[in-house]
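Novice: Before anything else, here's the structure in question.
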Amino acid sequence: MKKVFLTIFSICASLSFFAQCDTIASICSDKNFTNEYVSDGQQYRALLIGEDIAEFKSTFYGGSTYRVSACSGETDGNLIFSLYDNNRNLLFTNKEHNNAPYWDFKMESTVDGYIEAQLNELASGCAVLLIGFKLD
């Protein structure tokens, strides 16, 4: 009986997590993507607890202007994100910019990179990262 309860609890928790992430992704997109930026069509998501750090890999192509948007909850500043190149050199962190909810940048050459995300003062939550590119 205990095993059945844990399975049902796990399923319910997973459904709740996905619903929460869907809501956060929608809010994040509506707030941080204007008509001049188009999403790359992917949503990078992770359930973070305490000091967990999520890592997402992405390729940024030279000559393109990007917007990385990071959200966890309905208010800004709940998620710290940092962008690193393939050699783990820090390219940007929003921690140095009052945990800004997004960052716009142009890549001069193609870079494979990593984006790390962690919660800022929340016990747990869904981290959502969206990447878009500017329409020229």
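Novice: Of the conditions (1) hydrophobic (A, V, I, L, M, F, W, C); (2) farther than 15 Å from Ile53 by Cβ; (3) buried (at least 18 other Cβ atoms within 10 Å of the Cβ); (4) modelled with pLDDT of 90 or more, Leu129 clears all except one; give me its number.
Specialist: Result: Leu129 fails condition (2) only.
Novice: Hey, Arg45 hits all of (1) in a loop (DSSP other than H, G, I, E, B); (2) within 15 Å of Ile24 (Cβ to Cβ); (3) basic (Lys, Arg) but one; which does it fall short on?
Specialist: (1)
Novice: Please work out which one of (1) without any contact (Cβ under 8 Å) to a residue 60 or more places away in the chain; (2) crowded, with 16+ Cβ neighbours inside 10 Å; (3) out of contact with any Lys or Arg (no Cβ under 9 Å at 6 or more places or on another chain) is the condition Val68 fails and give its number.
Specialist: Unmet for Val68, out of (1) without any contact (Cβ under 8 Å) to a residue 60 or more places away in the chain; (2) crowded, with 16+ Cβ neighbours inside 10 Å; (3) out of contact with any Lys or Arg (no Cβ under 9 Å at 6 or more places or on another chain): (1).
Novice: Among the residues of the stretch 48-88, write down those that are within 20 Å of Phe105 (Cα to Cα) and in a loop (DSSP other than H, G, I, E, B).
Specialist: Tyr61, Gly62, Gly63, Ser64, Asp76, Gly77, Asn86, Asn87, Arg88
Novice: Among the residues of the stretch 41-54 satisfying the criterion of being charged (D, E, K, R) and surrounded by 13 or more Cβ atoms within 10 Å (Cβ to Cβ), which is nearest to the chain's Cα centre (by Cα)? Write out each step before concluding.
Specialist: Residues of the stretch 41-54 charged (D, E, K, R): 45, 51-52.
Checking the rest, the ones that are also surrounded by 13 or more Cβ atoms within 10 Å (Cβ to Cβ) come to 45, 52.
Values: Arg45: 6, Asp52: 14 Å.
Out of the qualifying residues, it is Arg45.
Novice: Does the stretch 114-122 contain at least one residue that is under 13 Å from the mean Cα position of the chain (by Cα), among the aromatic types (Phe, Trp, Tyr) and within 26 Å of Asn35 (Cβ to Cβ)?
Specialist: Checked against the condition, which is being under 13 Å from the mean Cα position of the chain (by Cα), among the aromatic types (Phe, Trp, Tyr) and within 26 Å of Asn35 (Cβ to Cβ), the stretch 114-122 yields no hits at all.
Novice: Being touching a residue at least 12 places away in the same chain (Cβ under 8 Å), polar (S, T, N, Q) and closer than 19 Å to Tyr44 by Cα: is that true of Asn94 here?
Specialist: Yes, satisfied.
Novice: Give the residues of the stretch 94-126 that are assigned to a strand (DSSP E or B) and surrounded by fewer than 16 Cβ atoms within 10 Å (Cβ to Cβ), sorted by residue number.
Specialist: Within the stretch 94-126, Asp104, Phe105, Lys106, Asp112, Tyr114, Ser124 meet the criteria.
Novice: For the stretch 74-91, how many residues are among the polar types (S, T, N, Q) and in contact (Cβ under 8 Å) with a residue 12 or more places away in the chain?
Specialist: Total satisfying the criteria: 3.
The values are calculated or read from the model by the stated rules, or taken from the named source; none is laboratory data. The model shown is predicted, which means the values in this text are computed figures rather than measured ones. Positions of Cβ are generated from backbone atoms using ideal geometry, with glycine treated the same way; all protein chains shown enter the neighbour counts.
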